[in-house]
Amino acid sequence: MIKLPEIDFFHEDLKSGTLVWNQVKSQVHKALVEYGCFEASFDKISIHLKKSIFEVSQELFDLPLQTKLKNISTRPLHGYIGPCPQIPLYESLCIEDANIHNKAEKFTQTLWPQGKSSFCKTIQSYSEKLSELDQIVNRMILESLGMEKYMDEHMNSTNYLLRLMKYKAPQSSETEMGMNVHTDTSNLTILYQNQVNGLQILTKDGQWINADPTPDTFIVMIGDPLHAWTNGRLHAPYHRVIMRGKEARYSIGFFSRPKAGHIIKTPKELVDEDHPLLFKPFVHAEYLDFCYRAFNNTKEGMGCESILKTYYGV
Ligand SMILES: O=C(O)CCC(=O)C(=O)O
Ligand SMILES: [Fe+2]
């Protein structure tokens, strides 16, 4: 049974340029080339915070549907997604810029007008801490491609989204699709789950493997925009969620996303004879519209055909 690579981000002195940084960086690069994802240990999020994020998540999903529907956004797939025929077990809410205090507070007030500081504090602190891991991984990615000069531009053109997700236990004793096969629309995704497994990743050679993280680990994954930007060097894996058993699954997705109007354009340094250009430049908002249409048009939910290849392939 293949297991995802495990990478440790514990070290106190994990600073660019140190020996330990370079060692971790090469593990990150190798894992992202081969699998497009890995399992990360990261101790900046305390046990208390890990517990709290699921407690507040549960409270959120226990709110009446009318209240959850207040989570709306002008961008498609950025608000409340309720159980629908494509994915009947799935429900999620989306908090844009959850790492920024004012934004976390605004979201909290929309759902709890009387205020709910435990919720606001937890989502903000969780997002802020996890953004450190996101930045470490992003820097390692750019350095390992010799592209660190793009770091500021890369980070300034993204923002963070926090998606709290719940998958109901399937009705029958059979397994059921929790989320259909897709690749992510983010540059980088960091997933954390309660101890109900279900996430599966498709390897490059076509095998589905289980990503069963421990309570201490996160799954870090590449999405389409970064796959395109790196001219295919980093793999964006197809993945899905299969539900079984009697327990609900809670999962927390932390996404670094290109901003709506940002154009994803492969830098010229990453194009040469051995690496011909794979994708035309594209505006993230337009690409997201295609994903949204695919999601609505196919019975299986997010279509499994690559949106990136279909619309932007060279
Ligand atoms: O719940 C999970 O583990 C996966 C969620 C996911 O793939 C996504 O939100 O894009
Ligand atoms: Fe995903």
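In segment 77-90, what residues are open to solvent by 30 Å² or more (accessible area, probe 1.4 Å) and hydroxyl-bearing (Ser, Thr, Tyr)?
Passing the criteria: only Tyr80.
If Pro170 satisfies all but one of (1) out of contact with any Asp or Glu (no Cβ under 8 Å at 6 or more places or on another chain); (2) at pLDDT below 95; (3) of a type outside the set (Gly, Ala, Ser), what's the number of the condition it fails?
Just one mismatch for Pro170, condition (1).
Could you look through segment 169-212, keep only residues that are within 16 Å of Arg244 (Cβ to Cβ) and in contact with a Phe, Trp or Tyr (Cβ under 8 Å, 6 or more places away or on another chain), and pick out the one that is nearest to ligand 2 (Cβ to nearest atom)?
Among those residues, the one meeting the criterion is Met179.
Based on what the data block shows, is Leu288 modelled with pLDDT under 95, within 14 Å of ligand 2 (Cβ to nearest atom) and more than 17 Å from Ala40 (Cα to Cα)?
Yes: the conditions hold for Leu288.
Just give me the residues in segment 177-209 being in a strand (DSSP E or B), modelled with pLDDT of 95 or more and either among the polar types (S, T, N, Q) or within 9 Å of ligand 1 (Cβ to nearest atom) (or both), in sequence order.
Result: Thr189, Leu191, Tyr192, Gln193, Leu199, Gln200.
Specify the residue that is most open to solvent (accessible area, probe 1.4 Å); the eligible residues are those in segment 110-126 that are over 13 Å from Ser57 (Cβ atoms) and in a helix (DSSP H, G or I).
Per the stated criteria, the residue is Lys121.
Residue-by-condition table, conditions (1) open to solvent by less than 20 Å² (accessible area, probe 1.4 Å); (2) within 13 Å of ligand 1 (Cβ to nearest atom); (3) touching a residue at least 40 places away in the same chain (Cβ under 8 Å):
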| residue | (1), (2), (3) |
| --- | --- |
| Leu162 | yes, yes, yes |
| Gln171 | no, no, no |
| Val220 | yes, yes, yes |
| His239 | yes, yes, yes |
| Gly245 | no, no, yes |
| Ala248 | no, yes, yes |
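Of all residues being among the charged types (D, E, K, R) and farther than 19 Å from Met221 by Cβ in segment 15-43, which is surrounded by the most Cβ atoms within 10 Å (Cβ to Cβ)? Just the residue, please.
Top of the filtered list is Asp43.
How many residues does segment 63-76 hold that are under 20 Å from the mean Cα position of the chain (by Cα) and crowded, with 18+ Cβ neighbours inside 10 Å?
So the count comes out to 1.
Checking the conditions here, which among Leu60, Leu93 is open to solvent by less than 10 Å² (accessible area, probe 1.4 Å), more than 22 Å from Thr185 (Cβ to Cβ) and outside any loop (DSSP other than H, G, I, E, B)?
Exactly one residue qualifies, and that residue is Leu60.
The values are calculated or read from the model by the stated rules, or taken from the named source; none is laboratory data. It should be emphasised that the depicted structure is a prediction, and the values quoted were computed from it without experimental measurement. Note: ideal-geometry Cβ built from the backbone for every residue, glycine included; neighbour counts use all protein chains shown. To get the accessible areas, we keep the full protein, side chains included, count just its heavy atoms, and leave off ligands, DNA and RNA. Shrake-Rupley method; radii C 1.70, N 1.55, O 1.52, S 1.80 Å.
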